[in-house]
Amino acid sequence: MDVQRNDIVMERSSKLNYILIAGIVTCLLIATVFLAGCTSNSAQAPQATATPAPATPAAVATAAATPQPVTTTAAPAATPTAVAVVTTPKPTFTPSSQNVVAYTAASLTGVSPKLASDFAKMYPGHKVVFNLDGTQALKTQVENGAYADVFISASNSYTATLTKEGYFVDGTVKPLTSNYVIVILPASNPANIQSLADLAKPGVKIAMEDKTVPAGTATVAVIGNLAKSTYTQAWNNSVYGNVVTYETSEPAVATKVNLGEVDAGFVYESTYTAAPKGTYLAITIPKKDNYLQTYTVGTLKGSTSKGAASDFENFMLSAAGQQDLRDAGFRPISTS
Amino acid sequence: MIPDIPSSGKFKRFITYLGAGFLILAVTLYLALPIAALFFRITPDIFFSALSDPQVMSALWLSLFTSSLSLAIVVIVGTPFAYVHTRCTYPGKMLVDTLIDLPLVLPPAVAGVALLVLWGRVGILGRYFNMLGISIAFTTLAVIMAQIFVASPFYVRQAKSLFEQFDQSYEHVARTLGASPVRTFLTITLPLTASGLVSGAVMTFGRALGEFGATIMFAGNLPGVTQTMPLAVYVGMEGNLTIGLTISILLVLISFAIMIAVRYLAHREESHA
């Protein structure tokens, strides 16, 4: 009896053993995959710098017509041969030097496809991938280790913070463009808003950006200026009382106005200018009370393709890039 | 009693235990470390001073208020619904079954957009409410509606399966003894499934408390009115990290309390059965 029972127990436990061993093997396999992933990751860095080698001459040849100096493109002939020994297969997700990952203020969302295509025209073979979000969100991402080549900030103060924290390559941070704040209304103007004074009418629904969003900072400043110069503190309080949502990016405010879900929204001029005619009504804010938001562009130290990054920066500051921005309603730095 | 184990067997057993221990450790650490990291990133002093921040407090109270109300509505409507749904056969029952589970797989952001285009001021139904002077989007009501939409399946599914598994002979006996269907439900079915229902309710509360995507789309982000704790974490992360961390820790503590409650209730349910 006992022996028999033991046999059963043995059999059962051996079955359990097999399951457990299978589990361990799987576990080890997973661990190996992880380790392999990590090591190949670290091997990517030199690999990434190697890739531009064949492309650089092509870019120089085809982009010869453009006035931009293309010499900035990374990897002079010497480096690639040195690093070319690394034979790790190229993982598709690695940002190659052909690709510029541009963390870009959300207010450039509208103009971003045009910028991408014009950049590819000026530097054939290069491609820019935009990550568009509120500058405050992008800043947090970069501070927490997100990979980016170029950072376009819609706020001098965030640029300053990132500079102080040492994220930018020295000397690459340059003013890019600028923007004023404007009030937009749905085309149907449901609350019948005719002037800035009407924003304080009871029942008006206003959307603005959270104060952490650069456009929100600008809006707070504008409302403060208006209250001081033209309106009253009571106006100021009523306007804030009418705010129904503090959005986390500038385009999100425009969307809420576009949907007709709110009666008014504080956005950048460029959003109004770039929108198809008849999308919004707008109430301009006098220049003396307005807040000129300055955008900057800079290359990040962590970039593994600084050449392409600096090409992109050159493009953004070039006549073509500036023209795209002007067409989208941004104000060039010089004339503002 | 124990038969002699050859040394290779001993070795095998050792490896087995080692592997089992490694597995358990790996899973535990993977889940526990991020939570622990939250606590290491902040000192108690900063935590308590941030706790008195009006933004944190208003988010906390708003979250607790809206989640409780959502839960109450889900329980009050969901319990009889689940009962009727399991006891009756009607055309389209399969479709209703699928719809109940839909919010579980639907991304909450999609739920938010859907709610906005239905109930928003220019939405399909919302425009009529707007004519009556009732606005839904960007109000606390919108927060509650978003939470109900996203969290109700947790309760309704649980209630459904409890009623399905419930031994109907109890109900039949009560009915033959002259009790009305409502009385049978209230005095027989409900008490016997109560602990299971409560654990479903706790899960619903937890999900409602954590609701983010649908809320930010449909209800917006206004401190004190629609800025619930998860939204405050999101906004806090982009500005004042301390606030984000403080609220995250609060949410972790609440989640723990919820899980302990579920465990306790599940245990009680077992011992009663």
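The values are calculated or read from the model by the stated rules, or taken from the named source; none is laboratory data. Values in this document were obtained by computation on a predicted structure and should not be read as measured data. Note that we place each Cβ from the backbone using ideal geometry, even for glycine, and neighbour counts take in every protein chain shown.
Consider segment B:208-224 and keep the residues that are farther than 13 Å from B:ILE136 by Cα and of a type in the set (Gly, Ala, Ser). The one that is farthest from the other protein chains (Cβ to nearest Cβ) is B:ALA208.
Quick test for you: out of B:GLN227, B:GLN147, pick the one residue that is within 14 Å of chain A (Cβ to nearest Cβ) and surrounded by 23 or more Cβ atoms within 10 Å (Cβ to Cβ). Just a single option satisfies the conditions, and that option is B:GLN227. Counting only residues that are in contact (Cβ under 8 Å) with a residue 40 or more places away in the chain and part of a loop (DSSP other than H, G, I, E, B), segment A:155-176 holds 6 of them.
Here's the yes/no breakdown for (1) touching a Leu at 6+ places or on another chain (Cβ under 6 Å); (2) more than 16 Å from B:PRO108 (Cα to Cα); (3) more than 12 Å from chain A (Cβ to nearest Cβ):
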| residue | (1), (2), (3) |
| --- | --- |
| B:GLY206 | no, no, yes |
| B:TYR234 | no, no, no |
| B:MET237 | no, yes, no |
| B:ILE249 | yes, yes, yes |
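Residues in segment B:156-213 that are more than 18 Å from B:VAL77 (Cβ to Cβ) and of a type in the set (Val, Ile, Thr): B:VAL173, B:THR176, B:THR184, B:THR187, B:ILE188.
Residues in segment B:88-119 that are within 13 Å of chain A (Cβ to nearest Cβ) and without any contact (Cβ under 8 Å) to a residue 24 or more places away in the chain: B:VAL117, B:LEU118. Condition check for B:VAL84 on (1) assigned to a helix (DSSP H, G or I); (2) within 14 Å of another protein chain (Cβ to nearest Cβ); (3) surrounded by fewer than 14 Cβ atoms within 10 Å (Cβ to Cβ): one failure, at (2).
Residues in segment B:66-81 that are over 14 Å from the mean Cα position of the chain (by Cα) and surrounded by fewer than 20 Cβ atoms within 10 Å (Cβ to Cβ): B:ILE76, B:VAL77, B:PRO80, B:PHE81. For segment A:303-313, a residue qualifies if it is modelled with pLDDT of 90 or more and surrounded by fewer than 23 Cβ atoms within 10 Å (Cβ to Cβ), but none of them does. B:TYR30 falls short on exactly one of the conditions (1) within 13 Å of chain A (Cβ to nearest Cβ); (2) surrounded by fewer than 10 Cβ atoms within 10 Å (Cβ to Cβ); (3) closer than 15 Å to B:THR242 by Cβ, and that condition is (3).
Just to verify a result, which residue in segment A:177-234, among those that are among the basic types (Lys, Arg) and either without any contact (Cβ under 8 Å) to a residue 24 or more places away in the chain or away from chain B (no Cβ under 11 Å) (or both), is surrounded by the most Cβ atoms within 10 Å (Cβ to Cβ)? Filtering first and then ranking leaves A:LYS201.
For segment A:177-212: of the residues being β-branched (Val, Ile, Thr) and at pLDDT 90 or above, which is nearest to A:ALA320 (Cα to Cα)? Step by step, filter segment A:177-212, then rank; the result is A:THR177.
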